[in-house]
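K.L.:
Dropping a structure here in structure tokens format, bear with me for questions.
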Amino acid sequence: MGARLVDDDGKPTKKGKAAIEAESGKPAGKRSEAQMESERFNMSLRKYLKHVGVTSQQEIERVVRDQHLEGKGKLKVKMVLTAEGTDLCHEVDGEIDLG
């Protein structure tokens, strides 16, 4: 597992700050408030998406294991993303080969 870029509160770690500075090409003290807000948003979004990916994989693995689905064709899946207070409704359909 690589070095963490954000802590449990979504704040950049030393490694995360270095990555942000490398990406922006500017030292941390030279960035505008808008850039810092954008970076906070980006880090928070990445943290959330990582959590979604990890926990989703764990749940799929659990269902496949508990329901003895290994080697039984394909599992049709759908991920639905919504955001409270917005009209966001993003659906991703797919199939997972069970081997």
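The values are calculated or read from the model by the stated rules, or taken from the named source; none is laboratory data. None of these values were measured; they are calculated from a predicted model. A quick note on method: Cβ atoms are made from the backbone with ideal geometry, for glycine too, and the neighbour counts reach across all protein chains shown.
K.L.:
Filter the stretch 14-50 down to the residues that are surrounded by fewer than 14 Cβ atoms within 10 Å (Cβ to Cβ) and assigned to a loop (DSSP other than H, G, I, E, B), then identify the one that is modelled with the highest pLDDT.
P.N.:
32
K.L.:
Next question. Name the pairs whose Cβ atoms lie under 9 Å apart, with the first residue in the stretch 63-91 and of a type in the set (Asp, Glu), the second part of a loop (DSSP other than H, G, I, E, B) and at pLDDT 95 or above, and 6 or more positions between them or separate chains?
P.N.:
From the stretch 63-91, the pairs are 70/98.
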